[in-house]
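Structure first, commentary second.
Values in this text are rule-based calculations from the coordinates and carry no lab data. Owing to the predicted nature of the structure, the values given are computational and were not obtained by experimental measurement. Heads up, the Cβs are rebuilt from the backbone with ideal geometry, glycines too, and the neighbour counts pull from every protein chain shown.
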Amino acid sequence: DAKTTQPTSMDCAEGRAANLPCNHSTISGNEYVYWYRQIHSQGPQYIIHGLKNNETNEMASLIITEDRKSSTLILPHATLRDTAVYYCIVRVANYGGSQGNLIFGKGTKLSVKP
Amino acid sequence: DTEVTQTPKHLVMGMTNKKSLKCEQHMGHRAMYWYKQKAKKPPELMFVYSYEKLSINESVPSRFSPECPNSSLLNLHLHALQPEDSALYLCASSLTRGYQPQHFGDGTRLSIL
């Protein structure tokens, strides 16, 4: 799977939008971009995923650049409960072998401050 | 709240003990996973089950023995563990092994004395 690069940490003021970048410059055409987060003492939580179009759900928006070499996760109105480690993962969508496995990198530690 | 339930939440065991971790989901998912997470590190994949059959073993030592007795249940049997095996053990499930998202439990925090 392609590797991703994320900032180690970011701060965001409560109520403001949190924009978390991810670089995946070696992504292949059949690889999706997934975002998960892990709040302290909990398991990872799926947020959103996309292939090439921008995606939005009740939690967040995912903006993927046209060349697919980078993406941004947007939490529109961050709250203190959004403080977590956010993982950007590139993953092949197939049914066999190890290429479709989730490979977690170090992620970005987002701290939402009052 | 998580739809993947892991028990127990905490486990302390000696190196000679035998214990089991349990994971249960009732979402009709046919793929289930075990991950290991050391402190301040990302989760690492251990095992993958697809339709109750072991698909992937990421070179995990034999002192960890997975079992999938039915489509809703995943166990991890532990025997003769080492102190370095102390970690958070996470279970996850997905509809199949395709591109569908994985849903994680909150893990079992294991301490080996």
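Could you work out, for chain A, what percent of all Cα-Cα pairs fall into each 10 Å distance bin, beginning at 0 Å and stopping at the bin that holds the largest distance?
Result returned by the calculation: 15, 49, 30, 6, 0.
Taking the highest mean first, how do the peptides B:72-78, B:26-32 order by number of other beta carbon atoms within 10 angstrom per residue? Let's see the in-between values first.
Details: B:72-78: 18.9, B:26-32: 16.4.
Top to bottom by mean Cβ count within 10 Å: B:72-78, B:26-32.
How do A:Arg37, A:Arg16, B:Arg109 line up, fewest other C-beta atoms within 10 Å first?
A:Arg16, B:Arg109, A:Arg37
What does the structure give for A:41-49 when I average, per residue, the other chain Cβ atoms found within 10 Å of the residue Cβ?
Whole-number average of other-chain Cβ neighbours for A:41-49 is 6.
Given an 8 Å cut-off on Cα distances and at least 6 residues of separation, report the relative contact order of the range B:70-113 as a percent.
Across the range B:70-113, relative contact order equals 43 percent.
Of B:Ser86, B:Ser65, B:Ser50, which is the most mobile in a GNM of chain B whose springs link Cα atoms less than 10 angstrom apart?
Looking only at B:Ser86, B:Ser65, B:Ser50, the biggest GNM fluctuation is shown by B:Ser65.
Restrict the search to the range A:28-110; then list the chymotrypsin sites (Phe, Trp or Tyr not before Pro) that DSSP places in a loop and that have at most 13 other Cβ atoms within 10 Å of their Cβ.
A:Tyr95
Per-residue HN-Hα couplings for the range A:52-60, Karplus 6.51 cos²θ - 1.76 cosθ + 1.60 at θ = phi - 60°, whole Hz, x for Gly and Pro?
Rounded to whole hertz, the list is 9, 8, 5, 10, 9, 9, 5, 9, 7.
Straight-line reach only, C-alpha to C-alpha below 16 angstrom: list the lysines that B:Lys9 could link to, leaving out same-chain residues fewer than 8 apart.
B:Lys19, B:Lys22, B:Lys36, B:Lys38
Determine the relative contact order of the range A:4-114: mean sequence separation of Cα pairs under 8 Å and six or more apart, normalised by residue count, in whole percent.
36
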